[in-house]
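Written below as structure tokens is the structure these notes are about.
The values are calculated or read from the model by the stated rules, or taken from the named source; none is laboratory data. Please read all numbers here as calculations on a predicted model, not as lab measurements. Using ideal geometry, Cβ is built from the backbone for each residue, glycine included, and neighbour counts are taken over all protein chains shown. To get the accessible areas, we keep the full protein, side chains included, count just its heavy atoms, and leave off ligands, DNA and RNA. Shrake-Rupley method; radii C 1.70, N 1.55, O 1.52, S 1.80 Å.
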Amino acid sequence: MPDRVIGRREREQLLRREGRLPPGQSLTEKFPVLHYGPVPPFDPETWDFGVWGEIEQEQRWTWEEFLKLPRTRVTMDIHCVTRWSKADTTWEGVSVRRLIEEGLIKLKPSARFVMQHCEYGFTANLPLEVVLQDSFLLATHFNGQPLTPEHGYPLRAVVGYIPGREDLKTPYFWKGGKWLRGLEFMAQDRPGFWEQAGYHNEGDVWKEQRLAR
Ligand SMILES: Nc1nc2c(c(=O)[nH]1)N[C@H]1C(S)=C(S)[C@@H](COP(=O)(O)O)O[C@H]1N2
Ligand SMILES: [Mo]
């Protein structure tokens, strides 16, 4: 236990020794902003969140309704393909698995993949099993505060690494769409925005799956 303030390099070494820093990554204490295109405006009166595709009933929640869905908190490390990692980030929001467990989304047996649909047509694809993990969340809050506009306010997906949970898949952070407006459940996989631009379809941080061959 450190009993004094330690610097970034020391914290990075600690993480590495704990096996929490994937190959080719370094620790940042900042929170870089990365996305393609402008930051969209948010209007709580017209915003809605949809789920459609391979589910029993398509659904739409207004912002007011979305805030009443069951909420969860998760702390995890996030890993950006541009080689920064951030440790112990705490996110609060809605778990897709929980929505399914509570019957708010009823999957068809054919559902195997999920496409995140964001403002301005940005998309990101993941296997259903990853979306149902503890390490995937539809987040409204970061470290106790509402998301800032540039980090995805009012809603974004996040996916990361929960220390000790080697049983879970950990994709790079690009698989978390900011300004998220809906989830499409799919029988077949389809590449999202960055995946079409040449990034790896799975993007596993431990296997350094950065670019597709
Ligand atoms: N809507 C949207 N979401 C996005 C992106 C984007 O271009 N548009 N970029 C992704 C990429 S490449 C990364 S690394 C993360 C960065 O999240 P941050 O800006 O909060 O660090 O957002 C992801 N989500
Ligand atoms: Mo990225």
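A few notes on this one:
- Cross-link check: pairs K30/K68; K68/K106; K86/K178; K108/K207 evaluated at a Cα-Cα cut-off of 25 Å; pairs beyond the cut-off: K30/K68; K108/K207.
- Highest average packing first - 49-56, 121-128, Cβ atoms within 10 Å: 121-128, 49-56
- In the context of the full protein assembly, R210 retains an accessible surface of approximately 30 Å², using a probe radius of 1.4 Å and ignoring ligands and nucleic acids.
- Globularity index of segment 2-207, i.e. its alpha-carbon radius of gyration over 2.2 N^0.38 Å: 1.01
- Couplings 3J(HN,Hα) for segment 150-160, derived from phi with the Karplus relation 6.51 cos²θ - 1.76 cosθ + 1.60 (θ = phi - 60°), are 6, 9, x, 3, x, 8, 9, 8, 9, 9, x Hz, where x marks Gly and Pro.
- Magnitude of the charge dipole for the chain, about its Cα centre and with charges confined to Cβ atoms of Lys, Arg (+1) and Asp, Glu (-1), is about 700 debye.
- Using the Stokes-Einstein relation with a Kirkwood hydrodynamic radius computed over Cα pairs, the translational diffusion coefficient of segment 64-133 at 10 °C and a viscosity of 1.306 mPa s comes to 111 µm²/s.
- Counting only protein heavy atoms and a 1.4 Å probe, the chain has 52 square angstrom of accessible area per residue.
- Gain in span if fully extended, L211 to I162, counting 0.36 nm per residue against the direct Cα distance: 15.3 nm
- Positive-pole candidate from L137, H200, Q188, dipole of the chain, charges at beta carbon: H200
- Spatially, segment 22-72 and segment 156-208 are offset by 13 Å when compared through their Cα centroids.
- Percentage relative contact order, segment 2-207, counting C-alpha pairs under 8 Å, at least six apart: 23 percent
- Long-range HN-HN contacts of G182 with modeled amide H, under 5 Å: G50, H117
- Accessible-area composition of the chain, carbon plus sulfur, in percent [1.4 Å probe]: 51 percent
- In loop segments of segment 89-197 as defined by DSSP, the GluC sites (Glu not before Pro) with at most 13 further C-beta atoms inside 10 Å of their C-beta are E102, E166.
- Nearest-10 value in Å² for the accessible area of I100, using the 1.4 Å probe: 40 Å²
- Taking amide hydrogens as placed 1.01 Å from N in the peptide plane, the amide H of A212 sits under 5 Å from those of Y199, H200, each at least 5 positions away in sequence or on another chain.
- Annotation: peptides 198-204, 66-72, ranked by per-residue average of other Cβ atoms within 10 Å with the highest first, follow the order 198-204, 66-72.
- Ordering of 107-115, 15-23 by packing [mean C-beta count within 10 Å, highest first]: 107-115, 15-23
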